């Protein structure tokens, strides 16, 4: 017995000794975390060298892995480009054994171009693998980079989706360089900030310890709206007694942007492009119709492929080149649109804009990180501005692309002037799905005919899906999913499509369907629930959700079902009409009895593209009330 106890003790001691004190401490503090970042530090040195700003950044990252998924985190990739030159990369794994960590250096680094199906630029990646990572292991990465353009200082973050034990940022800057710092999502954090001024430099430090992990949730807005971070901005500098404003205001950013686009499309226009424009606008009665013709042609015929190198990421290509190649990125699409409107005697304006993945505005952050996209603006005589984004498909001129709704647009207006306008959010009723059905009860099955009319972004989404549906079977499968009613026994028997791929007319689908075993017969009574579509419930968020929620666009739905009362039956019970609403959601269910029919209508309007936590609770309250009404059934009784 004693020997047995000694063996058990020895096994237990050996197992315990395989894990470091660090591991045991942080596994206890963060039992659900896969890893913790023990140290995250960044040293930024900004100095003047021969009248130019020189910027270097040095990074140190030390991670401890708390479960067996460590091996899945062993692959690492560092990106660099002509704007961010990578230097001095060192990486090692540390394995805990015999009471200490043993270092294994990474020796195999592989460089490759970053290319996907629709995008190419001069970004490259340095790829490597931390060897032998497992539970209890650590990895250490040290590297530095040179930032070649002082406008491109990137934010530094004080949180991540794993815990951070020590986080420190230090900026050492020449006294002749002025800086500002914009903080986001940091109000609840106790960041230790220090500013030390010495003879020739100023030292800024931010330090924060023991930061819990941030939870990832579906439909969460960009991580930039969640993670605490600070954006450093070099506003101006002084060299040889000359002051230069770099990013003091939007005017500085616009001046730089304009310097990059002022010389585009100065060459003679391709005569075939002129001929094309003349043909497109020949029979158009007014300027707006001419703009439409040119805009829709560009969407249909210029394929979106981003191909950028260095400042090519900011300078549009010549319209002649884009016309001949029939592809380009967002700037190229804007360039050819600009020139085609010019040929037609119309004025378009190059426009910079950030997608909804970027939470900054131009006043607060007048640097290139505020935007990532270019479109063309057209303003008519009534001062109505149309935001033309030819990278989209099937986008009507009355709609901006969905991912720029609510964003500020920086519109060019000559060499030294610009206009900032906010892109409108498209009203819910412009993104409608209106479905009207007539149904009959045969046995316990429902047999029906429907007409659905789809508009706005919902129509555009449908067109994108239908482009990939190359057979009638695939098209029918798509509609069976998107138009489902009642239960998974819903089946479309036949359908016809009207206005398919039309830019301005609504998509209309007429279809016949069955829903087997949907009505319930009990003795002399038939029970049927006319709430055939209950998709409003999908907008209800969880009680324990921690973050805002974001959607592509607003929505409006109207579902009308007219039931022909079976011969020999009379109405015994019809549910009451209900209506619920607040500032974000309205929901109404009405029943109308007319001779031998009962007509049901459920209309609801989702008047938001994002909701904070309090707004989510208000929306959930309306949905819960509507869900209670969803359970109501009609009762028919033999007469």
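Odds and ends about this structure:
- If you go through the stretch 496-512 and keep only what is surrounded by 16 or more Cβ atoms within 10 Å (Cβ to Cβ) and either in the same structural domain as residue 395 (by TED's automatic domain parsing) or within 16 Å of residue 295 (Cβ to Cβ) (or both), you end up with just 503.
- Single residue of 359, 366, 316 found to be assigned to a loop (DSSP other than H, G, I, E, B), more than 22 Å from residue 402 (Cβ to Cβ) and in contact (Cβ under 8 Å) with a residue 60 or more places away in the chain: 366
One line per residue, one yes/no per condition, for (1) in contact with a helix residue (DSSP H, G or I) (Cβ under 7 Å, 6 or more places away or on another chain); (2) more than 25 Å from residue 623 (Cβ to Cβ); (3) touching a residue at least 24 places away in the same chain (Cβ under 8 Å):
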{"residue": "551", "(1), (2), (3)": "no, no, yes"}
{"residue": "554", "(1), (2), (3)": "yes, no, yes"}
{"residue": "561", "(1), (2), (3)": "no, no, yes"}
{"residue": "564", "(1), (2), (3)": "no, yes, yes"}
{"residue": "572", "(1), (2), (3)": "no, yes, yes"}
{"residue": "600", "(1), (2), (3)": "no, no, yes"}
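- Meets criteria (in a strand (DSSP E or B) and either farther than 24 Å from residue 469 by Cβ or touching a strand residue (DSSP E or B) at 6+ places or on another chain (Cβ under 6 Å) (or both)) for residue 511: yes
- Screening residue 459 on (1) under 30 Å from residue 607 (Cβ atoms); (2) assigned to a loop (DSSP other than H, G, I, E, B) shows it passes everything except condition (2).
- Assessment of the stretch 271-278 against the conditions (assigned to a helix (DSSP H, G or I) and buried (at least 18 other Cβ atoms within 10 Å of the Cβ)) yields at least one matching residue.
- When the residues of the stretch 384-405 are filtered to those that are touching a residue at least 40 places away in the same chain (Cβ under 8 Å) and touching a strand residue (DSSP E or B) at 6+ places or on another chain (Cβ under 7 Å), the one that is surrounded by the fewest Cβ atoms within 10 Å (Cβ to Cβ) is 397.
- Taken together, the residues in the stretch 126-153 that are part of a loop (DSSP other than H, G, I, E, B) and touching a helix residue (DSSP H, G or I) at 6+ places or on another chain (Cβ under 7 Å) amount to 5.
- Residue match in the stretch 535-542 (condition: over 30 Å from the mean Cα position of the chain (by Cα), at negative phi and not in a loop (DSSP other than H, G, I, E, B)): no
- On the stretch given as the stretch 464-475, residues that are surrounded by 14 or more Cβ atoms within 10 Å (Cβ to Cβ) and either over 29 Å from the mean Cα position of the chain (by Cα) or under 20 Å from residue 559 (Cα atoms) (or both) total 0.
The values are calculated or read from the model by the stated rules, or taken from the named source; none is laboratory data. Just so it is clear, the model here is predicted, and its values are computed rather than measured. Positions of Cβ are generated from backbone atoms using ideal geometry, with glycine treated the same way; all protein chains shown enter the neighbour counts.
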